[in-house]
1. Sort out which residues of region 303-345 are modelled with pLDDT under 95 and more than 22 Å from GLY414 (Cα to Cα), and write them in order of number.
2. Restricting to region 581-602, count the residues that are in contact with a helix residue (DSSP H, G or I) (Cβ under 8 Å, 6 or more places away or on another chain) and under 16 Å from ASN253 (Cα atoms).
3. Criterion first (part of a helix (DSSP H, G or I), over 26 Å from TYR260 (Cα atoms) and not aromatic (Phe, Trp, Tyr)) does LYS315 satisfy it?
4. Please verify whether region 543-550 includes one or more residues that are at pLDDT 95 or above, under 30 Å from GLN160 (Cβ atoms) and either crowded, with 22+ Cβ neighbours inside 10 Å or among the charged types (D, E, K, R) (or both).
5. For the list (1) at pLDDT 95 or above; (2) over 23 Å from HIS128 (Cα atoms), I need the number of the one condition that GLU368 fails.
6. Which of the residues belonging to region 658-692 are within 35 Å of the chain's Cα centre (by Cα) and either crowded, with 19+ Cβ neighbours inside 10 Å or over 21 Å from GLU187 (Cβ atoms) (or both)?
7. Which of the residues spanning region 570-592 are touching a residue at least 60 places away in the same chain (Cβ under 8 Å) and either touching a Cys at 6+ places or on another chain (Cβ under 9 Å) or of a type outside the set (S, T, N, Q) (or both)?
8. How many residues, within region 397-426, are within 34 Å of the chain's Cα centre (by Cα) and surrounded by fewer than 12 Cβ atoms within 10 Å (Cβ to Cβ)?
Amino acid sequence: MQTNSQRLLFALVLLNGPSAPLIAESPLPDTIQFNRDVRPILSDNCFLCHGPDANHRQSELRLDMRESALKSFAFDSDKPNQDGLVARVFSDQADQQMPPPDSHKKLSPRQKSILKLWIDQGAVYQQHWAYEKPVKTVIPAGQNGVDLLVRKRWMEVGLQSAAQADRRTLIRRLYFDLLGLPPTPEEVAEFLHDSSDENEAVSAVTSNTAKANTTYLSLVDRVLQNPHFGERMAIHWLDVVRFADTAGYHSDNPRNVWPYRDWVIQSFNDNKRFDRFTLEQIAGDLMPDKSQETLVGSAFNRLLLSTEEGGAQPKDYEARMLTDRVRAIGAAWMGQTTGCAQCHDHKFDPLKTRDFYALGAFFADIQEPIVGRREDGMVVVTADQKTTCLVSASLPNKRTVRVLPRGNWMDESGEIVEPAFPTYLPQSDVAGRKLTRLDLAQWLISRENPLTARTVMNRLWQQCFETGLSKVLDDLGAQGEMPPNLALLDWLACEFMDSGWDFKHMVRLIVTSETYRQTSVATSEQLTADPYNREHARQSAFRIDAELIRDNALAISGLLDSKIGGPSVKPYQPDGYWENLNFPTRDYVADKDSSQYRRGLYTWWQRSFLHPSLLAFDAPSREECCAERNRSNIPQQALVLLNDPTYVEAARVFAARILSQRLGSAEERLFWAWQQSLQRSPRAEEMKTMIELLNTHLDGYRKDVKRADDLIKIGNTPSLDSLDKSELAAWTHIARVLLNLHETITRS
């Protein structure tokens, strides 16, 4: 168990953000690169007024294009100390200074020096890195490209690899990352003591260090074939496509789309090619070989927010649905904040308002629900129970799509637009014909498109290392970040495409790398040199996602129902939580059978009233696409783990297992409980603390048996009559501590 000081330090770090040590500003590079050094400065401080948006541009000065900047005399490389940009940047006069004081932005001395040196060197521009085709570094045969490119970067910045993680840490990391569940004690023991690889210098019995041997590779292969893999991968995809069980607007009424969730899970388990995965979602109803499966995939187009309000204006919701889908395409496949262009040209990226509505025109054929009525467009997806799902259906006559001035759906003066790809990105050869959603899907996964493979691989890297190679997952544009190791992201993107869009291949490649298998324990030197671990000279430790915290507790207790797929379920939640849901009013009825113990991704997703336990641990409402979840640290999280009926019941059932399955002394039972929950032995100080806690509660409950009886009645699972009530209640508190430990809910 953590000491009080350790827990306090952890809380302070997460509440206030990790504090970087005081580091002297790094020296200026010999050669200034526009994308790496200059563009971030201009984007953060200048592009709002001097960038792509003509309507907001001031002084006719545009700094995102070299020709425009030269025309406006922003700089003159022959007179670097006298040009307008440098003079304004270094000026101390309020009416001359740039950025102006009222912008509340200020350049650091280093940033000013970078701009001056860049102009001294000729003010060379580059096209934004994400809009260039990725270039694949040649990797020698037999080497892992991840390790080679990470180590090459270490040599440039002067870092060294951390030690490899021990086997217990590694198997827990792998299970949480790829399955979202903890390994069993038996699985850990088997991995720890497997010495089948004769090439190891030291057998696993005497060395707990994990090496890339056949033992580990076999473990990875087994995990990739586990059906829970699809569930784990689905969680993040469901976030990014804003999957939910309800419509969202107004009364937030239910709708039937859960078969789409099963389709996503099965697609990951079957390792469906990602290009096919894309085609079926955007245009499953238009494919030449369309089937019931592709139709269910096309439910992606129906995951947007809609309404059953009788007074809703059809034109209003027609515009909302168009813009919602464009934002979803931008977030899920393009890594672009397309929504900024709904009302005006993007202020930082070259996406025009016309581009935005031309993307929306791809979806003008979809049959929309009649506003004010229950959504239609259902198909039967199972023959026996007549299960239905909202899917896409194409109309022969497409709706007219106009550019909406300032996004105003009542203003029909805008230009009529046909489906078209954004003008700043490579175009497809479509021979002048009218484009369809199938063309859009094929363009997204074409080799000419520089964004899709990068976007998907960046999110996969974040899942395995906490932070993406480019840290802003939903924005690879000017307001995002050029990756410190662009060569690695490009290599991953190219390898993804070259492999035939093989997602499991990419997962296997990453998790078998030495980079992935490093320890997450950082030395003071590593923290000083790379406080945010952007160079990956160690692994990262972070709290697991909201659904997985609950799954973990259910798995440890033995309550988890591991069935794959099926309708959404309703775990316990506070009485009256839905009291403000109207039209109609409704009651939340928690499941009383095995559905109560299903995995968290199957929880009923009510957009306007997300399950409070999930909400406490930062699950998104899915009203909008979410590429990356926050990781907060608030007191309510500890209260959820201690008092939510799910966790109290899990602790009680775990306590019953401790008492019934492990006979012997309290110390022997505690040892067994630690193995079940954390797959390790308790330390001496932990054992001492828990024995004291157990004795305190035993004494209290023996004096007040009614209080013990009240505790062990929480939850649907009946208590074992053979167990002493006071003893069961006391051990329930021991189990609650184990489920609440920082280590229990942290992937290291």
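1. Of everything in region 303-345, those that are modelled with pLDDT under 95 and more than 22 Å from GLY414 (Cα to Cα) turn out to be LEU304, LEU305, SER306, THR307, GLU308, GLU309, GLY310, GLY311, ALA312.
2. Summing the residues that are in contact with a helix residue (DSSP H, G or I) (Cβ under 8 Å, 6 or more places away or on another chain) and under 16 Å from ASN253 (Cα atoms) in region 581-602 gives 1.
3. Values: part of a helix (DSSP H, G or I): yes; over 26 Å from TYR260 (Cα atoms): yes; not aromatic (Phe, Trp, Tyr): yes.
In short, yes.
4. Going residue by residue through region 543-550, those that are at pLDDT 95 or above are 543-550.
Applying the additional criterion that residues be under 30 Å from GLN160 (Cβ atoms) yields 543-544.
Add one more test, that the residue is either crowded, with 22+ Cβ neighbours inside 10 Å or among the charged types (D, E, K, R) (or both), and what stays is 543.
Looking through region 543-550, at least one residue is at pLDDT 95 or above, under 30 Å from GLN160 (Cβ atoms) and either crowded, with 22+ Cβ neighbours inside 10 Å or among the charged types (D, E, K, R) (or both).
5. Exception for GLU368: condition (1).
6. ALA673, TRP674, GLN676, SER677, LEU678, GLN679, PRO682, ARG683, GLU686 - these are the residues of region 658-692 that are within 35 Å of the chain's Cα centre (by Cα) and either crowded, with 19+ Cβ neighbours inside 10 Å or over 21 Å from GLU187 (Cβ atoms) (or both).
7. Taking region 570-592 first, the residues touching a residue at least 60 places away in the same chain (Cβ under 8 Å) are 571-572, 581-584, 592.
Passing the criteria: PRO571, TYR572, LEU581, PHE583, PRO584, LYS592.
8. Result for region 397-426: 1.
The values are calculated or read from the model by the stated rules, or taken from the named source; none is laboratory data. Computed from a prediction, not measured in an experiment: that's the story for all the values here. Note: ideal-geometry Cβ built from the backbone for every residue, glycine included; neighbour counts use all protein chains shown.
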